[in-house]
Amino acid sequence: MDQVRYKCDCGGLIEIIHSPQTWQKIKRAKFDERKTSRRPEDISGVWRFREAILPGVNDWVCHPEGRTGFYKRKKLSDYAELENLYCKHEGENPTGSFKDRGMTVAITQAKALGMQTVACASTGNTSASLASYAAHAGLKAVVFLPDGKVASGKLAQALGYGATCLAIKGDFDAAMNLVQKAASEVGVYMVNSLNPFRPEGQKTIIWEALQDLNWQAPDWFVFPGGNLGNTSAFGKALREAHAAGWIDRLPRLATVQAAGANPFYNSFRNKFQSLEPVTAETIATAIRIGNPVNFSKARHAITSTNGLVIQVDDAEIIEAKKQIDMSGIGCEPASACSLAGVKQLRSSGEIKESDTVVAILTGHMLKDPDCIMQNYGEENLHVVDATLEAVAKYL
Ligand SMILES: *Cc1c(COP(=O)(O)O)cnc(C)c1O
């Protein structure tokens with residue numbers, strides 16, 4: 001806990017394992033009780049579960065985060081042909097994506113370690129989140145972004161919160177390589193999802209959704225996959241919740257990739273024998289990743305939950321996003337993979353009519369306004385003369 005380490009001696013990723021004493025002390029009812037408290041660390045959808053995240057720390061860098069909306073909408077149920085479909089909207093986090101749940105833990109740990117500078121490579125949302133939490137903690141933030149491939153809302157956030165933004169002339173995978181070198185040679189603290197404290201925070205997306213369902217386990221969780229931090233964290237969250245007796249059965253995980261950024265899908269089809277990196281291209285820039293760093297943990301998440309990996313193309317992503325937007329919820333393109341995935345799994349019969357499914361919406365609609373304007377927003381925009389006659393036609 002007091003070392004700066006990202007990898008095991010074997011070269012693999014590090015995973016945090018909580019001690020049996022930790023699990024014995026935890027009572028599920030305590031989490032429900034805290035929801036009515038006024039203390040930030042109690043109402044935070046992350047630190048509410050603190051004993052099972054980062055025990056022994058009480059100087060949290062907390063906004064607070066989490067406690068996101070849990071929606072059921074007839075329009076979306078009709079679209080996916082599934083009555084019991086819920087959307088957990090992680091776009092309602094302080095900086096507009098689920099990344100805040102991992103970041104509050106990683107920055108809390110950075111502070112505990114006495115680090116001065118924190119860094120990440122990012123398709124956009126991690127950098128926005130890092131910049132915000134570093135500002136809160138009084139740390140210097142440096143973010144590595146693929147030049148020209150970051151949605152405008154996200155870049156504006158990172159700049160606005162005051163991070164030093166390096167637009168790398170290469171793709172996300174190149175930026176990821178570079179930040180790993182910088183971390184080992186220059187001594188900055190790296191908070192990408194291969195930092196083991198990030199997934200500890202992201203587990204709470206699942207735990208809070210279970211709490212929203214009054215601890216009745218759903219049949220499925222369906223969500224997008226890029227660098228596969230969430231896939232890994234969700235598998236761990238479910239295994240821990242099940243082992244602790246918070247839920248009486250294990251839901252299945254379904255990771256949905258964009259067809260243009262699908263190395264995990266290809267690997268799943270190949271019985272996970274290998275991972276072949278791809279050159280990624282998709283409208284869903286948050287998951288435009290060709291060589292996911294969390295592959296081995298994510299594989300365990302899918303196999304240990306009898307899960308699936310599927311792919312959807314950009315047209316399906318846009319169609320599903322339009323449905324989510326026009327239901328009044330709204331999300332960014334990558335998030336719409338969840339609904340597109342549920343629809344596909346209903347059509348193929350994997351998800352049954354009677355199943356309960358939680359779709360995770362990972363990011364906010366305002367993250368990527370250009371996507372709306374370029375694909376369907378303009379249909380609703382009319383330039384008219386400033387007269388009642390001209391306006392009346394539209395009323
Ligand atoms: C980061 C991100 C993802 C991908 O999550 P991984 O954990 O990298 O698989 C999906 N959607 C949004 C909006 C994101 O910001």
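The values are calculated or read from the model by the stated rules, or taken from the named source; none is laboratory data. Worth saying up front: this structure is predicted, and the values here are computed from it rather than measured. Neighbour counts run over all protein chains shown; Cβ positions are idealised from the backbone, glycine included. To get the accessible areas, we keep the full protein, side chains included, count just its heavy atoms, and leave off ligands, DNA and RNA. Shrake-Rupley method; radii C 1.70, N 1.55, O 1.52, S 1.80 Å.
Quick notes
- Each label was represented as a point 7 Å from its Cα along the Cα-to-Cβ direction; for residue 394 and residue 315 these points are 3.0 nm apart.
- Accessible surface calculations at 1.4 Å, restricted to protein heavy atoms, place region 17-110 at 44 Å² per residue.
- Choice from 19, 347, 184 with maximal GNM fluctuation in the chain (Cα, 10 Å cutoff): 19
- Estimated from helical segments only, the mean residue ellipticity of the chain at 222 nm is -12000 deg cm²/dmol, where each DSSP H run of four or more residues counts as -39500 (n - 2.57).
- Converting phi to 3J(HN,Hα) with the Karplus coefficients 6.51, -1.76 and 1.60 and the offset θ = phi - 60°, region 324-333 yields 5, 4, 7, 8, x, 8, x, 6, 8, x Hz in sequence order, with x at every glycine or proline.
- Cα centroid of region 40-62 to Cα centroid of region 303-343, whole Å: 30
- Looking at the chain alone, DSSP beta bridges between its own residues are antiparallel in about 15 percent of cases.
- Of 129, 354, 193, the residue with the greatest mean-square motion in the GNM of the chain, using alpha carbon springs below 10 Å, is 354.
- Tensor-based shape of region 280-367 (alpha-carbon gyration tensor, a/c under 1.5 rounded, otherwise prolate or oblate): oblate
- Heavy-atom accessible surface of region 94-212: percent carbon and sulfur, 1.4 Å: 53
- The trypsin sites (Lys or Arg not before Pro) found in region 332-378 that occupy coil by DSSP, while having at most 15 further C-beta atoms within 10 Å, are 352.
- Ligands, DNA and RNA are left out, and with a 1.4 angstrom probe the accessible area of region 165-236 is 27 Å² per residue.
- Rg/Rh for the chain, where both radii come from Cα atoms and Rh is the Kirkwood radius: 0.97
- Across the accessible surface of region 254-395, with the other protein chains kept in place and a 1.4 Å probe, carbon and sulfur atoms take up 51 percent.
- For region 86-98, putting each phi into the Karplus relation 6.51 cos²θ - 1.76 cosθ + 1.60 with θ = phi - 60° gives couplings of 10, 10, 9, 9, 6, x, 8, 6, x, 9, x, 8, 5 Hz, in residue order, rounded to whole numbers and with x for Gly and Pro.
- Accessible area (Å², 1.4 Å probe, nearest 10) - residue 17: 130
- When only alpha carbons are used to place a centre, region 177-243 and region 64-90 end up 20 Å from one another.
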